[in-house]
Amino acid sequence: MIEKIFHSILLRRHFWRHATFSEVAELYASRMLRMFAMHIASAFMSIYLFQQGYSVFFIAVFWAMFYVFKAMIALICAGIAARLGPKHAILLSNILYIPSMIAFALVPEYGSWLLGFVILFQGVSSTLYSIAYSIDFSKVKSVEHAGKEIAYMNIVEKVTTGISPLIGGIIAYIMGPQVVLVIAAILFLVAAGPLFKSAEPEPPHQRLNFKGFPWRLVRPSIASQIALGFDVFTSGTVWTLFTAIFILGVSQSNEIYATNGALISVVLFAALGASYAYGKLIDGKKGKELLQFTSIANSITHFIRPFTTNAIGIAGLNIANEAATTGYTMAYTRGIFDNADLSGQRTTYIGIVEVLSNLGAAIAAGVLALLVSFMSDQNAMAVFFYVAAGVVLLTMTARFPLYRKK
């Protein structure tokens, strides 16, 4: 049903691509279900840990271990995706996410040792999915209209990302966060279903091949890819903790989940118009300019974060940051997909990119852990945002062949 809706919308705009649009529509539908399942719970994981009595230092170390593990297994997961094919890899990743949700729900009763299972299962699941999704989408996209298709996918993601934290927060407020985790686990079971109405876009039973790999496509974007991972951790985990602890106020009440979900959901308004406009800019050969301008805007939003003092400020900053982040990630993703095409070794290239992204997030978590070990949590996070404001400017250093073309 969902994929039919996407297919009918997209078909009117690109009627000459009927053969592949079913694949794109199925990917959109699967992505929406996956993102809903993930964000209905992940938006408050760090708040949940803090509410259970874990310190900010412990939470930072937990996420550092999580992202280090993801970086270590990224190439292994890329090999699995090459062996199984991206669609079957997505199915496996969804199944693997379920034990992590169950383990996380049981932490208050059985203790922090269960977080090891969260790192294991969620780490493998999220890494495998990210690689498989990128392989699938980069393969079935239209070269001429890739910016527009990335825009559509971003709209799907942001609508889902905007709605799911609000729904998850309300459910957590009424029934408790553990119920949300169980619901998320169930949703993961069905999220891969829409993909299997068409064949694998990449033939399975392949292997990673580093012989003759074009490293010239990787080296110019190492710093920017690490910065991207740093930014993801900043905008997600650190900002969520900062607002929950020092602005909204965490208590034993579940009200914080509903409030936090509502404030995250305001990004929906920024994402809808921005995604379509940015897609047209990318297809209009303005991707490089978009990447540079929005990277600067993203840096400014991080610098402002410590000065935010109320819910209205949180909502406004979330909208501004979303508009900036959407711009640079869409332009960056277009460059990555073009490089994947040029490399001739799509899966290997995307696996290496995943290593760098998770390394950046791990560095960010390590920086936060280091800061909170020397100063108060609030001062440490404020300093962290200033550091992030500088680091994310490295996204402008990306050098994609696509953006050198006249």
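What order do you get for M65, M375, M381, M101 when you list them from fewest to most C-beta neighbours inside 10 Å? Intermediate values should be presented prior to the final figure.
Numbers: M65 17, M375 12, M381 24, M101 28.
Listing M65, M375, M381, M101 from fewest to most nearby Cβ atoms yields M375, M65, M381, M101.
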Exposure proxy ranking, count of Cβ atoms within 10 Å, fewest first, for I336, I296, I131: I296, I336, I131
Segment 323-374, Rg to Rh (Cα coordinates; Rh as Kirkwood inverse mean 1/r): 1.15
Per-residue HN-Hα couplings for segment 44-52, Karplus 6.51 cos²θ - 1.76 cosθ + 1.60 at θ = phi - 60°, whole Hz, x for Gly and Pro? 10, 4, 5, 4, 4, 5, 5, 5, 7
Point-to-point label distance, R219-V387, nm (Cα→Cβ direction, 7 Å offset): 2.9 nm
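Which length gain, in nm to one decimal place, applies between L106 and M72 when the Cα-Cα distance is subtracted from 0.36 nm times their residue separation? Intermediate values should be presented prior to the final figure.
Details: separation 34, 0.36 × 34 = 12.24 nm, distance 2.64 nm.
So the chain would gain 9.6 nm between L106 and M72.
Each reported figure results from applying straightforward, stated rules to the coordinates on display, with no laboratory input. Since this is a predicted model, take the numbers as computed values, not measurements. Ideal geometry is used to build each Cβ from the backbone, glycine not excepted, and the neighbour counts take in all protein chains shown.
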